[in-house]
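Contents: one structure, followed by commentary.
Any read-out appearing in this document is the output of simple, stated calculations on the displayed coordinates, not a laboratory observation. No experiment lies behind these values; they were computed from the predicted model shown. Note that each Cβ is placed from the backbone with ideal geometry, even for glycine, and that neighbours are counted across all protein chains shown.
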Amino acid sequence: MDYDALLDRAQSAMPDGPTDAAARLTVPDPEGETDGSFTRLTNLERIADALSRKPESLHRFIQREFGTNGEYENGRGRYSGSFSLADFESAIDAYTAEYVTCSECGLPDTRIRSEDGIEQLRCTACGAVRPIQKRTANTTRRQPDVEEGGTYELEITGTGRKGDGVANRGRYTVFVTGASEGQTVRARVDGTSGDLAFATRVD
């Protein structure tokens, strides 16, 4: 299934009127270009600035999500392989859910602090603190934790940049249309890209 179509469908399914969190977090859409066997994210620095995070942090996260090599220079990210704008948008959503959005109040008013060598996400709005769960690059192929067309019970633990629910299943970050943080839902996987999956609530 075409991932641009998946994202369009997910966005159109969201209710009208942004949440307070969405209203306070405006992130530029990713802009990319192909460079031979590489793909560039040309506005990486502007996206990181909108998220109030260092561009190097976002760049490293995208590398891990794609399981590829890359380099950051002059505000741009360059990645080995062919990736679509939908791939970049999904990676940015996953980064936002883990490194920016408070899991308690859903607001982006957070700061990263290191305590005893562990990175913590501290919310300046509600005071909540949680550890940041870093994921390593996928270097081996194994039986997938989710498959396109499969239906799974998922615990929604976060909110994506577009307002969809975010869950984790094995190595996958799953974006669930029609689900909200704190819910446990059944969802059908419509498509996958790298370690990201797109699903629709069916219960």
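Below is a table of values for the structure above.
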read-out: Amide H contacts under 5 Å for LYS162, placed H, 5+ residues apart; value: none
read-out: Counted charge near TYR72, where neighbours are those whose Cβ lies closer than 12 Å (Asp, Glu -1; Lys, Arg +1); value: +1
read-out: Placed amide H near GLN183: partners under 5 Å, 5+ positions off or other chain; value: ILE156
